[in-house]
Amino acid sequence: MAESPPFPFADLRLSRRLERTEAQANLEFVEARAQAFPGDSARWIEVAGAHAMFDGVDSPLTQTFGLGLEAPATSRDMDRMEAFFGDLGAPAFHEVSPLADPSALALLNQRGYEPFEFTSLLFRPLGSGSTVAGQLSDRVQVRQVGVEEVDLWARISARGWSESPELADFLLSLGQVGARRPGALSFLAEVDGTPIAAGGLTIHEGVACLGGASTVPEGRRQGAQLALLDARLRCAALRGCDLAMMGALPGSASQRNAERQGFRIAYTRIKWRLRPRV
């Protein structure tokens, strides 16, 4: 792997950049959903620098990002966000950076929230020589797809999660909407012209957010994800990005694989929900 620029310090400034990038990717998704399915009530609002978004009651995108990160949140701010979700019949979830203003945690506790999920945000600096560690397979070719191949990309992406057949329709819809976002960059990995893996990329303010990576069962262990990562990092660097980011479950194989490719944990985010009433 070519030498990369030095890592920036994982401080408030970095957290704001990472959180804004992920929030931007998700609010673009919500807007794409609203355009494609006007009856689904998809929408978002901004409150005190935080973004509250609704993509459906059961969607993982239905939550807030950036609470207390741009400005301290107040009880009135929380009232507005809880009313936003409540009016749409959805629970209020808040995913909060540990760099957020301490008042956010105090408010969450006072209002009866509890932590229930963790996500580690990983990042690495990018430069003109950014690439991956490991030997790329000559058999795997990666290409960026256009809007005319969105459905193909979505099918490959969804098939990569075939171990969860109960989520098949949801994942297909997720891919079809996500790939139609204005800022979405979608990639396919192919062997002999046959697509076997998919990956996505969103760019915001010089940060490249990597997501949507999956490989169909019969295409695994051929180096498709390594090739997709390499292509996306190169694309991001060419577009002027100085950072790449991704999220992973703490201690997961995804985290391990990311660290092998030069990523480092910036911090671990906590997701909060209201405690059940007894």
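The values are calculated or read from the model by the stated rules, or taken from the named source; none is laboratory data. What you are looking at is a predicted structure, and each value in this text was computed from that prediction instead of being measured. Note that each Cβ is placed from the backbone with ideal geometry, even for glycine, and that neighbours are counted across all protein chains shown. Note: accessible area is taken over every heavy atom of the protein model, side chains too, but ligands, DNA and RNA are not part of it. Shrake-Rupley method; radii C 1.70, N 1.55, O 1.52, S 1.80 Å.
When peptides 234-244, 72-82 are ranked by their average number of other Cβ atoms within 10 Å per residue, the highest-first order is 234-244, 72-82.
Using a probe radius of 1.4 angstrom, the carbon and sulfur fraction of the accessible surface of segment 1-72 is 52%. Amide H contacts for GLN63 (H built 1.01 Å from N in the peptide plane; partners 5 or more residues away or on another chain; cut-off under 5 Å): MET53. Taking amide H as placed 1.01 Å from N in the peptide plane, the amide H of LEU69 sits under 5 Å from that of ASP101, each at least 5 places away or on another chain. Ligands, DNA and RNA left out, the 1.4 Å accessible surface of segment 148-278 is 53% carbon and sulfur atoms. Could you tally the net charge around PHE7, taking each other residue with its Cβ under 10 Å from the Cβ of PHE7, Lys/Arg +1 and Asp/Glu -1? Here the count lands on +2. Taking every C-alpha pair closer than 8 Å and separated by at least 6 residues, the mean separation divided by the residue count of the chain gives a relative contact order of 25 percent.
Which of rounded, prolate, oblate describes segment 1-43, given a ≥ b ≥ c as roots of the alpha-carbon gyration tensor eigenvalues and a/c under 1.5 marking rounded, otherwise prolate only if a/b is larger than b/c? Because a/c hits 1.5 or more and a/b fails to exceed b/c, segment 1-43 counts as oblate. Tell me which label goes with the value of P(r) over Cα pairs in 10 Å bins from 0, in percent computed from the coordinates here: (i) 7, 31, 39, 22, 2, 0; (ii) 5, 22, 27, 22, 14, 8, 1, 0; (iii) 7, 28, 35, 23, 7, 1. Structure-derived value, by its label: (iii). Each Cα pair under 8 Å and six or more residues apart adds its sequence gap; the mean of these over the residue count of segment 121-278 is a relative contact order of 33 percent.
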